[in-house]
Amino acid sequence: MFSAAAPLLLLQQMLVGVTMGFAVKVVFAAIDLAGNVIGLQMGLSFASFVDPVNANQTPLVGSFLNLLATLLFLALDGHLILISAVARSFELAPVSAQFFAGINWERLIALGSGLFQFGLQLALPVMATMLVINLTLGGNDPNGSGHGPLPLHTQLRHFDPDRRRAGLPDDVAALVERIRPEGVTLNLVNTSPIHARTITVQAGGYGEHHFTTVTVGDRTVSVDAPYFNVRLAPGAGDTLVMGLQRYVHQPTLAFPWDRSWMVEQ
């Protein structure tokens, strides 16, 4: 028959179920948060899907990570573990009207902060990588769009002509110090104490810009090309102030050595 304790018992069981569901949701919500941060850093936050479950739009990267996490959850028999946890909950939190007296509310609230901590821990490696790339290539956020730096708007791109590949040569560090309408200031350093290094600097992520001049110290050299080579002695470095004409060439993914006809001999 009905008793005064029945509503408390019903509320107890509902709270146990909500708590278990919240614990699982924290993991997936953290992955969603990581996907949102990664998408923002990569400039993909504007690409989103309609999420009918949460009645909102989910970024592309977040949807991918969430789907991947769901597949891993099922592959690792997470659903069976969850069912076992439901059965064990009756042992750990037996049906009793005294249940609420033993709840650690502070620990329950701490689970919420764990959501952000876990999500940032997942996203930090990608955030750090994108930060290094942005500082190296001069990837600014055009017009403060909030989408993060886009590849099309990077000021420079570096190549290793000795190994015929994209990216900085071994032992070479690059930092874009300043971006101006008329040019870019770049710091290059060869950290190797033994070997000299050669680096190819391209104007624009896709070679769409055009270098006019390069100034090193008090010396200014006319370049008039979409790229140029820099030879760094062992342990040497310098600051290059490069003049730019923007959006002069058709964007291309071709390597500079495959476009030698664009440079006057």
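Details
- Fully extended contour minus Cα-Cα distance, from Ala87 to Asn229, at 0.36 nm per residue: 44.4 nm
- Here each label is just a point 7 Å from Cα along the line to Cβ, and for Trp257 and Thr191 those points are 2.5 nm apart.
- Relative contact order, percent, segment 194-265 [alpha-carbon distance under 8 Å, six or more residues apart]: 40
- Residues Leu67, Leu33, sorted so that the one with the fewest Cβ neighbours within 10 Å comes first: Leu67, Leu33
- The fewest-to-most ranking of Ile199, Ile133, Ile81 by surrounding Cβ atoms within 10 Å reads Ile81, Ile133, Ile199.
- Pairs of alpha carbons in segment 155-265 separated by more than 24 Å make up 19% of all such pairs.
- When Met14, Met242 are sorted by how many other C-beta atoms sit within 10 angstrom of their C-beta, beginning with the fewest, the order is Met14, Met242.
Computed from the coordinates by the stated procedures, all read-outs in this text should not be read as laboratory data. The model shown is predicted, which means the values in this text are computed figures rather than measured ones. Counting neighbours? That spans all protein chains shown, and the Cβs are built from the backbone with ideal geometry, glycine included.
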